[in-house]
1. Answer yes if at least one residue in segment 2-22 is surrounded by 12 or more Cβ atoms within 10 Å (Cβ to Cβ), within 11 Å of the chain's Cα centre (by Cα) and not polar (S, T, N, Q), and no otherwise.
2. Just give me the residues in segment 22-42 being assigned to a helix (DSSP H, G or I) and not β-branched (V, I, T), in sequence order.
3. Of all residues in segment 22-78, how many are touching a helix residue (DSSP H, G or I) at 6+ places or on another chain (Cβ under 6 Å), farther than 25 Å from A92 by Cβ and of a type outside the set (D, E, K, R)?
4. How many residues are part of a helix (DSSP H, G or I), farther than 21 Å from R4 by Cα and of a type in the set (D, E, K, R) when one looks only at segment 57-83?
5. Test each condition in (1) part of a helix (DSSP H, G or I); (2) loosely packed, with under 12 Cβ neighbours inside 10 Å; (3) over 14 Å from the mean Cα position of the chain (by Cα) for I89 and report the one that comes out false.
6. Any residue that is at pLDDT below 95, outside any loop (DSSP other than H, G, I, E, B) and crowded, with 16+ Cβ neighbours inside 10 Å - is there at least one of those in segment 43-54?
7. Considering each of V58, V94, V85 in turn, give the residue that is at pLDDT 95 or above and among the β-branched types (V, I, T).
8. Which members of segment 66-108 meet the condition of being of a type in the set (F, W, Y) and in contact (Cβ under 8 Å) with a residue 40 or more places away in the chain?
Amino acid sequence: MWPRWLADGLRGKPSLARAFWVYGVGISVVYSLIGLLIDTQNLLVATVYVLFGIALGVVQTIVLWRCAYNSRSRFLGRIVRAAVVSGLILLALVLCVLFINPEMVLPISDRWSAP
């Protein structure tokens, strides 16, 4: 069902170095380059791009978590897992702020204009 390279990553089989550089940095660079090529003014395209980015972030988080101890250093595995937990806590805080104060999504020029 899933491509083997993706299924292996989700099972935690690759080394931590491969998980970081290929699944983390490499895929993020490709995603960012695609973002430069799409029309972000088109709401549908922008929405699909953002939803794909969220799904990609979930996959990257799972891969990093599961591959954290696939290195020679247990300490490095703990650092990676701590970074994953910190990122999830930060994500929850940002979503909470945006839920409480949704006008934060507006551009700064629109936030400070008089009603």
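1. No: zero hits.
2. Going through segment 22-42, the residues assigned to a helix (DSSP H, G or I) turn out to be 22-37.
Those that are assigned to a helix (DSSP H, G or I) and not β-branched (V, I, T): Y23, G24, G26, S28, Y31, S32, L33, G35, L36, L37.
3. So the count comes out to 4.
4. 3
5. Looking at each condition in turn, I89 falls short on (3).
6. Checked against the condition, which is being at pLDDT below 95, outside any loop (DSSP other than H, G, I, E, B) and crowded, with 16+ Cβ neighbours inside 10 Å, segment 43-54 yields at least one hit.
7. Just one listed residue meets the conditions, V85.
8. Y69, the sole residue that qualifies.
The values are calculated or read from the model by the stated rules, or taken from the named source; none is laboratory data. What you see is a predicted model; the values in this text were computed from it and never measured. Here the Cβ is made from the backbone with ideal geometry for all residues, glycine too, and neighbour counts use every protein chain on show.
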